[in-house]
Structures are given as C-alpha cells and as structure tokens.
Amino acid sequence: MLLDVLTASVLGGILCLDRLFVQAALSRPIVAGALIGLILGEPRSGLLTGALVELFWVDQFQIGAYIPPNDSVAAIVITAGTVISGKALGGISKELVATAALLFIPLGILGRQMDIAIMRANDGLSRRALSDAVNGDLAGVEKKQLCGLAGYFLASVGFLAVFTLVAEGTLLWVYPAIPEKVFPVLKYVYSFLPLLGIAVALNTIKLKGMVPVFCAVFLAIAVLLDLA
C-alpha cells in the first residue's frame, strides 16, 4: 500500500506541474484521475472519479488574482484513496466512491491554500530572478525558475502523500463501520453527484467550451451503465 501511495503521489506531483508549467491539460481531473487509476490498475474507476471532480469544480477558473480550488489534488487523492482502500476492502463499489467523494472533494479548497502559500513564497524568488535579469545573469534566472518548479513539485508530492494516506486510512476505518441501511443512500448519492456536476457543466458551457459537455455526457452514460 505504501508503494502505491508513493507511486500515486510522485505521478500526481508531476501532473500538478502542468498547472504552472506545461499547461497541456494533463492536470485536469479527468486526465489525472484516469492516469492515477491506470497506474494503480483501476483505469475505469480513475476515469469516473476524475470526471466527477472535473464537473464539480468546472465553474471555478482563474480570473486575475483569483486562485481556483486545486481540483487536480482532489481528483488524485480521491482516486488513489478509493483504489488503494478498495483493494483492501475486496473491491471498489459505488458506495465506496460516493463515500470518498463526500469526504475528500473539499481537499480542492485546501489545495488552493497550498497554491496561495507557494505563490507567496515564490515572490522572493521572482524578485531575485528580476534582479538577476537586470544584471544579465541568465543562469541565475534559470536557477530561480527551476527552484520554483522544484518547490511546487515537492509541496504537491508531500500534500498528496499525506492526504492519500489519510484518505486510505479514513476509508478503511469508516466504510466498514457504515450501517447497512445507509448503503442505499450512498448509492443514490453516487447517482446524484454526477447530476449535480452536469448541472454545473451546463451552466458553464459558454465559459469553457465543450470540455464540460464531454465530461457530463461521459459520466451520465457511465452511471447509467452502472445502474443498468
């Protein structure tokens, strides 16, 4: 389990760099969730979880100084926590996915606080890089940029490792203790969360193009197939 947590955290840290550096949509929840699920042997669960988180935060995007919730870390932790705990519990069920989502989607808010703290810490690097640029020290500028990226990567890996362990431990403790009569409710929640996400997606089509539509259609079809 620890190896799975470490693997998911390192891959997740690499994917999170896309938020600042490459920006090739690799950090989007639907992509990150699928990749984490794939490396842990459960690509379908990762894709479903990623699509759910993608829709949940799709109306939050960066405008000016506003920092949106870090939906990447939420998708990675929920996917990894669900898959790893599911292996120990004998399988990944709809109820387990719903429980993980309800408990850990708020990590997107905590991830935003991490992003804000890192950006503030990087202000000093930015000032020193500007000073190096004025002095013609291009090597110094490059070094400051690499330090900023390394800091974000290490912070992301640490965040993901800690909260994936928390998610795994919480699910292993909480899920078996859930009363049997609550499971039908969780199954309904599993069906309701995509509907909530689809409503958010439909409200943001004009803002973000066809990505919300794709996620909404994919998730709706996947849930209908599950319920069939």
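Within the set Asp71, Asp18, the sole residue that is buried (at least 23 other Cβ atoms within 10 Å of the Cβ) and among the acidic types (Asp, Glu) turns out to be Asp71. Cβ-Cβ distances below 6 Å connect the following pairs, each with a first residue in segment 94-121 that is under 22 Å from Thr82 (Cα atoms), a second residue that is small (Gly, Ala, Ser) and crowded, with 16+ Cβ neighbours inside 10 Å, and a separation of six or more residues or different chains: Leu96/Gly86; Ala100/Gly81; Phe104/Ala167; Ile105/Ala74; Leu107/Ala74; Gly108/Ala74.
Output the residue which, of all residues in segment 82-124 that are of a type in the set (Val, Ile, Thr) and surrounded by 20 or more Cβ atoms within 10 Å (Cβ to Cβ), is farthest from Leu171 (Cα to Cα). Steps first, please.
Residues of segment 82-124 that are of a type in the set (Val, Ile, Thr), as a first pass: 82-84, 92, 97, 99, 105, 109, 116, 118.
So of that shortlist, the ones also surrounded by 20 or more Cβ atoms within 10 Å (Cβ to Cβ) come out as 82-84, 92, 97, 99, 105.
On the way: Thr82: 8, Val83: 11, Ile84: 10, Ile92: 11, Val97: 10, Thr99: 8, Ile105: 14 Å.
Going through the qualifying residues, I end up with Ile105.
Is it fair to say Gln113 is modelled with pLDDT under 85 and over 13 Å from the mean Cα position of the chain (by Cα)? Talk me through it step by step, then tell me what you get.
Numbers: modelled with pLDDT under 85: no; over 13 Å from the mean Cα position of the chain (by Cα): yes.
So Gln113 does not fit the description; no.
Determine if segment 27-48 includes at least one residue that is assigned to a loop (DSSP other than H, G, I, E, B), of a type in the set (Lys, Arg) and modelled with pLDDT of 85 or more.
Let us first name the residues in segment 27-48 that are assigned to a loop (DSSP other than H, G, I, E, B), namely 27-28, 40-42.
Subsequent filtering for residues that are of a type in the set (Lys, Arg) retains 28.
Narrowing further to those that are modelled with pLDDT of 85 or more: 28.
Yes, segment 27-48 contains at least one residue that is assigned to a loop (DSSP other than H, G, I, E, B), of a type in the set (Lys, Arg) and modelled with pLDDT of 85 or more.
The values are calculated or read from the model by the stated rules, or taken from the named source; none is laboratory data. Everything numeric in this text was worked out from a predicted model, so none of it was measured. Counting neighbours? That spans all protein chains shown, and the Cβs are built from the backbone with ideal geometry, glycine included.
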